[in-house]
Each structure stands twice: as C-alpha cells, then as structure tokens.
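Shown next, in structure tokens, is the structure this report addresses.
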Amino acid sequence: MAVVGLGNRLAAVRNKFRLSQEEMSQRLGISRSAYQNYERGQRDLTAQLLLVIYEEFDVDPLWMLEGDTETGKSRHHEEAAIAYRRIGIAVERRIIERGLTVTPEKKWDAIEFLFDEALNADTLGPETEGPDTTRIDSILRLVS
C-alpha cells in the first residue's frame, strides 16, 4: 500500500538540499532507478531508508510518512517543542516570582525533569499550559 504524498515529500527533501536524483540516491546508498521509484510513489520507503533520511537530512520520519506539516518536522515534534518552551518559561517565571537563586544547571535539570514527566504522561498537546506552580515549586526544592 503506497503512502500518499511520500514521493512528493522525498522530492521536497532532495530539492531543499539542491541535490539531483543521482546525488540523492548516492547519499541514500541506493541505485538511481530505485530512488526514482520511491520519488514517483511506486514503492514505499523501507524503515532503513527512513532512518538514513533522518540521519543524513535531519528529517522527521513521522513527517515523511504523515506529511502533516510543511516544515519537515511532524506535528508531534512541534508540540514537544512548544511544550518544552512553555515549561521553561513557567520555571523561569516561578524562580523570579519566588526570588530564588538557582544555578543554570539546576534550572535546566528542573525543566528537563518536568518535560520528561509531561512526555511520560503524554500531556504535550497544544492546549496544555504547562505544569502548575505547586509542581514547579516541588521540583525546584529537589534541585536547589
């Protein structure tokens, strides 16, 4: 079963890096004719090729398969980036509000802990505001 639009997204990656089909096929370690079949949508990419595209071009495999954003990153990546920023801002604000002295390393430890917690709870949706102040305070007590 062919993934709709996969060939177009593959071509978009190639064009972004200004590569010919021959150059792209060499970077992927496949023949030009095999590459053309992928770009035409006649064959689906293998998991191994998705990994090579990720490693070579930093293109999210979910975006290659889903094509749900224009940036080459999946919506999951964008949601995670937004959540990480919200958590960072919330921690920074709480440090300022409470007049705490926290080293940059400890502040980032708190942010990373809260972000990992959000990832594990799967609460990274766009409507998520970030952790509440009580949770931030308890984490800041742990790291300071």
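Would a scan of region 61-83 turn up a residue that is assigned to a helix (DSSP H, G or I), of a type in the set (Gly, Ala, Ser) and modelled with pLDDT of 90 or more?
no
How about region 18-43: which of its residues are under 18 Å from residue 67 (Cα atoms) and either loosely packed, with under 15 Cβ neighbours inside 10 Å or in contact with a Phe, Trp or Tyr (Cβ under 6 Å, 6 or more places away or on another chain) (or both)?
Within region 18-43, 40, 42 qualify.
Among the residues of region 92-112, count how many are within 29 Å of residue 58 (Cα to Cα) and either of a type in the set (D, E, K, R) or surrounded by 18 or more Cβ atoms within 10 Å (Cβ to Cβ) (or both).
Result for region 92-112: 6.
Looking at this structure, is residue 13 in contact with a Phe, Trp or Tyr (Cβ under 6 Å, 6 or more places away or on another chain), modelled with pLDDT of 90 or more and surrounded by 16 or more Cβ atoms within 10 Å (Cβ to Cβ)? Don't jump to the end; show me each part of the working.
Working: in contact with a Phe, Trp or Tyr (Cβ under 6 Å, 6 or more places away or on another chain): yes; modelled with pLDDT of 90 or more: yes; surrounded by 16 or more Cβ atoms within 10 Å (Cβ to Cβ): yes.
Yes, satisfied.
The values are calculated or read from the model by the stated rules, or taken from the named source; none is laboratory data. Just so it is clear, the structure is predicted and the values come from calculations on it, not from any experiment. Don't worry about glycine lacking a Cβ; one is built from the backbone with ideal geometry, like all the others, and counts go over all protein chains shown.
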